[in-house]
Structures are given as C-alpha cells and as structure tokens.
Amino acid sequence: MIGNRTTHRTADGVRIPGTWRHAFIRNGGQYFLTDLFVYADGLIDCWGLVTVGEFEEKLRTGWVATSFPEGAEASAHELADWKFSEPESWLTPELLLAEVRDTIDQLNGRPDSTDRCLAAVDAFLADRTEEKRAVARAAFLAVPESQRRFALGDMDSKDWPLRVLVAGPGGRTYLSYDGTVTQQNYDRALAYFEERARWRAKRASEVPADGPATPHAPAVQLYHSYPGKPVADPGKLGLRHDYPAPIAVADTGYPSVAHAYWALSVAEPGARHTVAAAENAAAARTLAAGVPRREDWEHVRTAVMTHLLRAKYDQHPELAEVLLATDDATVIYDDVNSEFWGDNGGRGRNWSGRVLELVRSELRMRRAGITGV
C-alpha cells in the first residue's frame, strides 16, 4: 500500500512517516471520496485520527465504506457529484483492515503478511514436510487476497507458483478455476522457486553500479547554537555557518560564512560593509533584515551559500577534516530562523545540510585525485 504515496505528519516536533490511499466514507447517507492516511505510529486519519481498533469499528459500522448500494449519492468534494450505477468494489472491511495492518508493519520496517508468507515458503522448501507446507499455506492465506498477486513481485506469474506450491499435488488452491493441482504443475512451481532462489542469490552478491542508495554512517545533527569565538578543537560546532572561521571572498574578508551570506544579501554596498562588520552572526542577520535585499536573492542564495562554504573549507583545512570525518552521513542542520536552511524537526527543507554534503563530496573528489570534471 505504501508505493510512491508518501506523506508525514508532525507530532511533538517528530516527523511521523505515512502513506495514503483513496477511500469512501459514508456521512449522513451520502458517500464521500476522500483520502485514508496511515502512519507509522499506528494512527489512521480518515476524517479524524483514530487507532487501529477505532478504525476497525468505523469499518464495521460502514462509516468507512467498502460497498455501495445502487443509486447511492456520492461526492468528491468540490469536484463532482454522482450516483452509483451497478457499483462493484474490490475490497471488503476485512481486506482493507488487513491492508492497513500490513502498511503499518511496512512503515516500521517490520515483516508484513507477505514477508511472513515468503519466510514460511522458504522454510518449507528447505524441509518439504506436510507440516511445513500447512504452515506456508496458512501464511499465504493470511495475505490479503487483494495483495497476493503482488507477493512474488512477478506480474507475469503473479501468485500462481505460490498458490500451487502451498496446495501441493492433488490439492486445491483458493481460486476455484485452478482446479486440482497436477504433478506437472507442481513441478513447474518448484522449478520456478528454484530459479528464483538462484536469481536472489546472484542479486544479493551484486554490487550496485553506482554504490549504495543510502548512507551507511549515522546521521549528523548540527544543532542551532551561538558560537562566540574560535576554540582549539571545535568539532562539529565548526561546521555551523555562524562559527567564527574568517573567510575571504572576492578580496573581501568576513568573520564567518554567515556574515558573508547576510552581507551579500543586501542591495546597498554601504550596508554590506556594516553587515560584514557586525559583532556576531546574529547581529549580521538583524542588520541585513533591516535594509533592502538584493533583487532575486531567493533565486541565487543557494549558489551563494555553496560558494561561501567552498571558500570556508578550502581556507580552513582543519574544518575540512571535521566535515570529511562525517563520512557519508546525512547532515541535519537546525536553524531556528529559517525553515529553508534548517531541518528544524522535519519542518524545514534542510538546504544547509544538503549543501554541506555537496561540499564534502567535492572535497573527497579532490582528495581522490578525480580531474576532468
């Protein structure tokens, strides 16, 4: 159910991942097309946050609807109204509830019913007793019927090899039109799983051509702070833009990256000098906010910040080593004054963190001696 439909909500400053699907609710005798949100903490939002147990009650009473009477009125808010004619639904309350439970497992990285089924099938294939076949069959039938055809990730075969394998020779699948499983079909299903095992083993040993998609180092959080003066060993504090690490850009010196950023943001040359000479980065920001900004600053600010950070880490090799020591970690940068530059508990865009990761990669590229780019 997750697919590409990702969303989140924020609770107590914590970002709760989720996903969504369309659903109907019945209110006052009319059916409304709406969105059903499922979150990792087990809460479900379909016109109000509820627990799984409360959602089950909404399904039982038909408030969340999975079937529709002929001629019933329906509405998609401010888009369309219609009446059902020969309505057909592919869900039941039990199926939708099972899908929601699976989705919560998926959002938490836990095995869902499909994973449990495939684990039971692997156990049967390793020790082909009737007892283990029965366990695999029960696990397969516990997968919501609407999801069984996706279990193998093979839309050509769908779940045919699974339902034949767990039924066994002479058995019957859950689909009446399959008929009795013949030995020939059972052997085909076994051959499918043997080939699948070989393919999975080969894939597991392959190294992605472009490396891993996610970092292996734990995330690094750069909390909002107010550094006053340089220290001998600043550690990750030195990665903050307002840390007093002087830089020179275009023959002009600045006490910190933040000073340079705010000075360059203002339109009047005289005001730039005043901002650059501010007592600290917070004062530089206050001064910049009180004078006219450069035209289209919001369109160039990311490039400006990137240029300034390149200068900082080129001119301060000791801080470049601190940045490189973060390995490939996601950099989470907090900035209470900006949800553009800061992550801020998942509410911001974290562009400071992204640009620091870019500069870190460039430093590593140079260290590796990669040229011609």
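The values are calculated or read from the model by the stated rules, or taken from the named source; none is laboratory data. The structure displayed is predicted, hence computed values, not measured ones. Here the Cβ positions follow ideal geometry from the backbone for every residue, glycine too, while neighbour counts run over all protein chains shown.
Laid out as a table, the results:
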read-out: Any hit, the range 263-277, residues being closer than 19 Å to His224 by Cα, in the same structural domain as Trp341 (by TED's automatic domain parsing) and surrounded by fewer than 22 Cβ atoms within 10 Å (Cβ to Cβ); value: no
read-out: Test: Glu145 is in the same structural domain as Tyr186 (by TED's automatic domain parsing), surrounded by fewer than 17 Cβ atoms within 10 Å (Cβ to Cβ) and either among the hydroxyl-bearing types (Ser, Thr, Tyr) or closer than 30 Å to Glu57 by Cα (or both); value: yes
read-out: Scan of the range 326-365 for residues that are loosely packed, with under 14 Cβ neighbours inside 10 Å and within 26 Å of Ala232 (Cβ to Cβ), ordered by number; value: Asp327
read-out: Residue under evaluation Arg133, criteria (1) surrounded by 18 or more Cβ atoms within 10 Å (Cβ to Cβ); (2) within 28 Å of the chain's Cα centre (by Cα); (3) free of Cβ contacts under 8 Å to residues at least 60 places away in the same chain, criterion not met; value: (2)
read-out: Residue within the range 101-115 that is surrounded by fewer than 16 Cβ atoms within 10 Å (Cβ to Cβ), within 28 Å of Ala197 (Cβ to Cβ) and in contact (Cβ under 8 Å) with a residue 12 or more places away in the chain present; value: yes
read-out: Qualifying position, being touching a Ser or Thr at 6+ places or on another chain (Cβ under 6 Å) and either surrounded by 13 or more Cβ atoms within 10 Å (Cβ to Cβ) or outside any helix (DSSP H, G or I) (or both), among Ala217, Ala288; value: Ala288
read-out: Lone unmet requirement of (1) part of a strand (DSSP E or B); (2) under 20 Å from Pro144 (Cβ atoms) for Thr7; value: (2)
read-out: Which listed residue is in a helix (DSSP H, G or I) and farther than 23 Å from Ala167 by Cβ, from Arg116, Arg110, Arg101, Arg133; value: Arg101
read-out: Residue that is nearest to the chain's Cα centre (by Cα), among those in the range 335-368 that are of a type in the set (S, T, N, Q) and under 25 Å from Ala320 (Cβ atoms); value: Asn350
read-out: Glu70 being surrounded by 18 or more Cβ atoms within 10 Å (Cβ to Cβ), over 20 Å from Arg15 (Cα atoms) and out of contact with any strand residue (DSSP E or B) (no Cβ under 8 Å at 6 or more places or on another chain); value: no
read-out: Test result for Ala232, modelled with pLDDT under 95, outside any helix (DSSP H, G or I), outside the structural domain of Arg354 (by TED's automatic domain parsing) and among the hydrophobic types (A, V, I, L, M, F, W, C); value: no
read-out: Those residues of the range 22-51 which are within 16 Å of the chain's Cα centre (by Cα) and in a strand (DSSP E or B), in sequence order; value: Phe37, Val38, Tyr39
read-out: Any hit, the range 166-187, residues being among the acidic types (Asp, Glu), surrounded by 10 or more Cβ atoms within 10 Å (Cβ to Cβ) and at negative phi; value: yes
read-out: Flag if Gly253 is at pLDDT 95 or above, assigned by TED's automatic domain parsing to the domain that holds Ala311 and assigned to a helix (DSSP H, G or I); value: no
read-out: Among (1) touching a residue at least 60 places away in the same chain (Cβ under 8 Å); (2) surrounded by fewer than 18 Cβ atoms within 10 Å (Cβ to Cβ); (3) not assigned by TED's automatic domain parsing to the domain that holds Phe193, the one test that Leu125 misses; value: (3)
read-out: Positions within the range 251-275 being out of contact with any His (no Cβ under 6 Å at 6 or more places or on another chain) and under 24 Å from Arg354 (Cβ atoms), in sequence order; value: Tyr254, Ser256, His259, Ala260, Tyr261, Trp262, Ala263, Leu264, Ser265
read-out: Single match in Arg354, Arg301, Arg360 (criterion: assigned to a helix (DSSP H, G or I) and either among the hydrophobic types (A, V, I, L, M, F, W, C) or under 18 Å from His259 (Cα atoms) (or both)); value: Arg301
